[in-house]
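Peer 1: What follows is a single structure, and I will ask about it in a moment.
The values are calculated or read from the model by the stated rules, or taken from the named source; none is laboratory data. Everything numeric in this text was worked out from a predicted model, so none of it was measured. When we count neighbours, we look across all protein chains shown, and the Cβ atoms used for this are built from the backbone with ideal geometry, even at glycine.
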């Protein structure tokens, strides 16, 4: 089921297609309920009359509240007026009750029944709601697993043999969720949240208050192959095969973890963002899994390490994942196959204009080998990485954002080949590639 643009939705073309396939077969099962809380202030002497009115009218959902907006001679009472909106008999019954209350009330007011105040009463009829989910046939197994995990129930799946080249559909499925109320959220919302996070396009017919309405939830198709999906063995949606495999590895090693538990605000002069680390471990240790680094990811990780020092953030990119994949892919069940290539990153070397370095920098040529040395005692940056030439002369430092990534790699024993690719007035660009890729000791200690 491909993405449907706004014109197609507004033109009802796609809605009509779904209606013909499924919608016209569905009939509303719900009714619209009237829910109104009537509140009164009475003289205490009239309280027995109120209770008698409630008993005669078979109203069980009423309350007597003392000490709230009342004086020494008055008392507050309330009751729930609830019935199907088209039920004339019930409407007349409550009209008569209200007329009887007029004779004893001091003053009165009311409010709609909603999910904040409905817990005040025991005898409440919750209007039924149903959701009919519509998905591509190819997602049937995913849908079954998601509903089983989220709601702990099996679903009855209905199949529709329909083909549409325009909407890229080769078969549809639909299933029904009973939206019984609970104190958390509607069951359908739990399901659609996981479907959306799994990048599974879907539609929902909502049966509510006696009518059906179609809700289309679709995202633009990404040209890249998506690995965002629900993993049945882990009972979670992960954004990539790498993340899922790291979760499996942590389980295998007996390490407790939580996935994307919370976000943190990071900012600098020209950048502000919320950052959500991938894995939360004990002892304030966090893990970020990255298949590739872009400028935003670099900045978020660098600022997080600088501004949230109460946490220890460790990164796992291709340099480390390559080793982990070789070690564990045949050991851990459900390990997902995914291509792992050692990246050649282009890192900027800054500080090359310092007077004491100019002589050595001037001798650097394109294609020269340079070397990375950790400067752990640097007073300005605990992730500092010094760049030197073949004679150990200082050339400069790896730019701060990239240093926040490569410092951990050097600290665990990774070695890199660094070659000058570009030389400018204030910066030298080097291409860095890991060379000891088969060294299984170059891992974080807890992953060995």
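Peer 1: Please go through segment 10-56 and pick out each residue that is under 19 Å from residue 76 (Cβ atoms) and within 49 Å of the chain's Cα centre (by Cα).
Peer 2: 36, 37, 38, 39, 40, 41, 54
Peer 1: Applying the selection to segment 400-448, what residues are over 30 Å from residue 249 (Cα atoms) and without any contact (Cβ under 8 Å) to a residue 24 or more places away in the chain? Please lay out each step first, then the result.
Peer 2: Taking segment 400-448 first, the residues over 30 Å from residue 249 (Cα atoms) are 400, 418-431.
Answer for segment 400-448, where residues must be over 30 Å from residue 249 (Cα atoms) and without any contact (Cβ under 8 Å) to a residue 24 or more places away in the chain: just 424.
Peer 1: Can you tell me which of (1) over 30 Å from residue 62 (Cα atoms); (2) modelled with pLDDT under 90; (3) touching a helix residue (DSSP H, G or I) at 6+ places or on another chain (Cβ under 7 Å); (4) assigned to a loop (DSSP other than H, G, I, E, B) is the one residue 155 doesn't meet?
Peer 2: Condition not satisfied by residue 155: (2).
Peer 1: So which residues in segment 212-231 are surrounded by fewer than 16 Cβ atoms within 10 Å (Cβ to Cβ) and at pLDDT 90 or above, if there are any at all?
Peer 2: 213
Okay, residues lined up against (1) without any contact (Cβ under 8 Å) to a residue 60 or more places away in the chain; (2) within 27 Å of the chain's Cα centre (by Cα); (3) under 24 Å from residue 290 (Cα atoms); (4) surrounded by fewer than 13 Cβ atoms within 10 Å (Cβ to Cβ):
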position: 313; (1), (2), (3), (4): yes, yes, yes, no
position: 328; (1), (2), (3), (4): no, no, yes, no
position: 351; (1), (2), (3), (4): yes, no, no, no
position: 371; (1), (2), (3), (4): yes, no, no, no
position: 398; (1), (2), (3), (4): yes, no, yes, no
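Peer 1: Moving on. Which residue pairs have Cβ atoms closer than 7 Å, lie 6 or more positions apart in sequence or on different chains, and pair a first residue in segment 161-174 that is surrounded by fewer than 11 Cβ atoms within 10 Å (Cβ to Cβ) with a second residue that is assigned to a loop (DSSP other than H, G, I, E, B)?
Peer 2: Short answer, once both residue conditions are applied: none.
Condition check ((1) in a loop (DSSP other than H, G, I, E, B); (2) farther than 21 Å from residue 373 by Cβ; (3) in the same structural domain as residue 375 (by TED's automatic domain parsing); (4) at pLDDT 95 or above) across all residues:
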residue: 410; (1), (2), (3), (4): no, no, yes, yes
residue: 414; (1), (2), (3), (4): yes, no, yes, yes
residue: 418; (1), (2), (3), (4): no, no, yes, yes
residue: 433; (1), (2), (3), (4): no, no, yes, yes
residue: 446; (1), (2), (3), (4): no, yes, no, no
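Peer 1: So, in segment 235-252, how many residues would count as being surrounded by 13 or more Cβ atoms within 10 Å (Cβ to Cβ) and touching a residue at least 40 places away in the same chain (Cβ under 8 Å)?
Peer 2: At the first step, the residues of segment 235-252 found to be surrounded by 13 or more Cβ atoms within 10 Å (Cβ to Cβ) are 236-252.
Retained after the next criterion (residues that are touching a residue at least 40 places away in the same chain (Cβ under 8 Å)): 237, 240-246, 248-249, 252.
Of the residues in that region, 11 qualify.
Peer 1: Can you say whether residue 139 is modelled with pLDDT of 90 or more and either not in a loop (DSSP other than H, G, I, E, B) or not assigned by TED's automatic domain parsing to the domain that holds residue 198 (or both), as far as the supplied structure shows? First the steps, then the outcome.
Peer 2: On the way: modelled with pLDDT of 90 or more: yes; either not in a loop (DSSP other than H, G, I, E, B) or not assigned by TED's automatic domain parsing to the domain that holds residue 198 (or both): yes.
It is true that residue 139 is modelled with pLDDT of 90 or more and either not in a loop (DSSP other than H, G, I, E, B) or not assigned by TED's automatic domain parsing to the domain that holds residue 198 (or both).
Peer 1: If you don't mind, there's one more thing I want to ask. Is it the case that segment 344-363 has a residue that's touching a helix residue (DSSP H, G or I) at 6+ places or on another chain (Cβ under 6 Å) and within 30 Å of residue 250 (Cα to Cα)?
Peer 2: So in segment 344-363, the residues touching a helix residue (DSSP H, G or I) at 6+ places or on another chain (Cβ under 6 Å) come out as 347, 352.
Checking the rest, the ones that are also within 30 Å of residue 250 (Cα to Cα) come to none.
The answer is no, given that none of the residues of segment 344-363 is touching a helix residue (DSSP H, G or I) at 6+ places or on another chain (Cβ under 6 Å) and within 30 Å of residue 250 (Cα to Cα).
Peer 1: For segment 95-117, enumerate the residues that are more than 28 Å from residue 73 (Cβ to Cβ) and surrounded by 15 or more Cβ atoms within 10 Å (Cβ to Cβ).
Peer 2: Within segment 95-117, the subset more than 28 Å from residue 73 (Cβ to Cβ) is 95, 112-116.
The answer is 113, and nothing else.
Peer 1: Separate question: Go through segment 69-94 and count every residue that is exposed (fewer than 13 other Cβ atoms within 10 Å of the Cβ) and under 42 Å from the mean Cα position of the chain (by Cα).
Peer 2: Of the residues in that region, 1 qualify.
Peer 1: Applying the selection to segment 377-396, what residues are in contact (Cβ under 8 Å) with a residue 24 or more places away in the chain and buried (at least 17 other Cβ atoms within 10 Å of the Cβ)?
Peer 2: Scanning segment 377-396 gives 383, 385, 387, 389, 394, 395, 396.
Peer 1: Got a sec? Which of 275, 322 is touching a strand residue (DSSP E or B) at 6+ places or on another chain (Cβ under 7 Å) and farther than 14 Å from residue 243 by Cβ?
Peer 2: 275
Peer 1: Taking residue 262 and the conditions (1) surrounded by fewer than 17 Cβ atoms within 10 Å (Cβ to Cβ); (2) within 24 Å of residue 340 (Cβ to Cβ), which numbered condition does it fall short on, given that it satisfies the others?
Peer 2: Residue 262 satisfies all of (1) surrounded by fewer than 17 Cβ atoms within 10 Å (Cβ to Cβ); (2) within 24 Å of residue 340 (Cβ to Cβ) except (2).
Peer 1: Further question: Test of understanding: among 114, 199, 145, which residue is modelled with pLDDT under 95, part of a loop (DSSP other than H, G, I, E, B), under 28 Å from residue 244 (Cα atoms) and in contact with a strand residue (DSSP E or B) (Cβ under 9 Å, 6 or more places away or on another chain)? Working first, answer last.
Peer 2: Working: 114 fails: under 28 Å from residue 244 (Cα atoms); 145 fails: part of a loop (DSSP other than H, G, I, E, B).
None of the others qualify; the one that does is 199.
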